[in-house]
Amino acid sequence: MDKDNKTDKELVDKRGIISKALSDYNIENESLGEDHIGIENISVEPQNLYEAISKLKDLGFNYLQCQGGYDEGPGKSLVSFYHLITVGDVQEIAKIKEVRVKVFLKRDSDLSLPSLYSLFRGSDWQERETYDMFGINFKDHPCPKRLLMPEDWRGWPLRKDYIQPDFYEMQDAY
Amino acid sequence: MNNSLSPKAIREIREGTCNPLGAPQVTTDLSENIILTSLDDLHNWARLSSLWPLLYGTACCFIEFAALIGSRFDFDRFGLVPRSSPRQADLLIVAGTVTMKMAPALVRLYEQMPEPKYVIAMGACTITGGMFSSDSTTAVRGVDKLIPVDLYLPGCPPRPEAIFDAVIKLRKKVSNESVLERTKSEQTHRYFTIEHNMNLVFSENNGEYLNKKASNTLDVSRNQEIKEDLEQIDKSILIESEEN
C-alpha cells in the first residue's frame, strides 16, 4: 500500500527523508529502508557516527531513546544502534518523529566507536552495557568499564560465539 | 505430665488418688517449683527462640520475606528479629538469585556471621539456579556450592507461610543439637566434596583496565569545525522560519 502512495521519484530514489537530509550536509550514510512500523533506518560508518548524530540532534532529534547492540551471528557484524526521537515542540519536523541509526562493525576490526556522552548524557550506562555485553569500545566515554558483569570477567556474554566457561558455580545442580 | 491441666487440678488429682495420709508434700513442692532439664535443652531453647535473620535479599523472594516483617504475618512471634549486620545475625535466608558478581559478597557475609549459624536456601534460584539454570551466563546454580545450606525451601517464590514452615523445621533442627556434638556438624570445605578438574588461573585484571583512556577520538580542532557548522545550520533554520 505504501508503494502506491509514493511518487515515481521516491520509487527511483528509495532513500528516506532523513537519509537524504544527512547526505545534503555531506555526511555519508546508507539507507536501510523502513522497518515494519515505518521508522527509517540509516547505517553510517564509525568515523561518521559522531557527526551524523550531532547533526540529527541539531535537526530536532533531541532525545536518545535507546542505545544498544546486537550480534548478527557468528562471523557476522556486531551492530550498535541508536534510536533517536523528538521530544518537545519542534514544529519543523512534526511529521518525522523517530529514526534509527546503526553502525555495523566487522568482528575483526578494532570495534571502536565515538561515545555520544557529550551529546546525550543518557548514553552513559547504555554504552557501558553495550561494551560489557559485546566488547564494543566507546572512545571518550567518561567511565569505560563493565556495567553488569564482574570487572575481571573475560569474554563478551551476548555475542553469538560466546562460550560459557564451565565454572564450578555454574555447572548444573543435580 | 499433661500440660493442659492447671497446677490446681493436678494437685486435686494427686490428693484424690493418694492414700489417706494425703499427698506427699515434699515431692509436690519440688515438682511445682523446680524445672529439671539438661543444659543442652536450655541452651537450644534459648537459641531457637531468637533466630535473628540477616536482611539479605537479591530478588523477588525478598518481597515475600519482607511480608513477614509486617503485622499480617509477623515473624517476631518466632523470635525472628531482622538484623542489618552479619555480626548480629545467626540465620541467613538467601532470598533471590545469586550471580557470580554477588557470590563473593554472599560468602563474605556468611563468613562474618558468628557461629553457630544457619542458612536457609529460599526459592528455586538459590537451590538449583531456577529458571536461570538453562543458559544464564552469571547465575550460580545453587548456593550450596558457595555456602553450606541447612534447609532448602522450594518455591518461586515461596509463600510467607512456607517460610514459617522452614523456620519451624529449622527450630526443630536447632532443638536437637548438642554442644558436645557441635564439632561433628561444623562447616567442611564443600569444594573438595565433588570431583572436578580445576586449573589455577590468574586474573587478568591488573588495574590497568580502570585507567583506560580514550585514544581514537575526534580532534578538538575538528570539534570546532562541527560547532561552526552547527551554528551556520542554526542560522539557516532561523532564516527559513523567519521567511515562513
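Annotations
- For the pair residue B:67 and residue A:24, a Förster radius of 56 Å applied to the C-beta separation gives a FRET efficiency near 0.40, rounded to the nearest 0.05.
- Considering only beta bridges that DSSP places wholly inside segment A:2-164, some 75 percent are antiparallel.
- Distance cut-off 29 Å, percentage of C-alpha pairs in segment A:2-164 lying past it: 22 percent
- Each residue in B:43, A:36 was given a count of other beta-carbon atoms within 10 angstrom of its own, and listing them fewest first yields A:36, B:43.
- Every Cα-Cα pair in segment B:47-181 was counted, and those over 26 Å apart are 17% of them.
- Efficiency of FRET from Cβ geometry, residue B:131 and residue B:74, R₀ 41 Å, rounded to 0.05: 0.85
- When the listed pairs A:97/B:101; A:55/B:101; A:160/B:101; A:20/A:76; A:106/B:235 are checked against a 32 Å cut-off, the alpha-carbon distance exceeds it for A:97/B:101; A:55/B:101; A:106/B:235.
- Under the simplified labelling scheme, the residue A:168-residue B:12 pair shows an inter-label distance of 6.7 nm, with each label point 7 Å from Cα along Cα→Cβ.
- Relative contact order (%) - criterion: Cα under 8 Å, at least six apart; region: segment B:47-181: 25 percent
- Taking all Cα pairs closer than 8 Å and separated by 6 or more residues, the relative contact order of segment A:2-164 comes to 18 percent.
No value in this document is a laboratory result; all are computed from the given coordinates. Predicted, not measured: the structure shown is a model, and the values here were computed from it. Here Cβ is always computed from backbone atoms with ideal geometry, including for glycine, and neighbour counts include all displayed protein chains.
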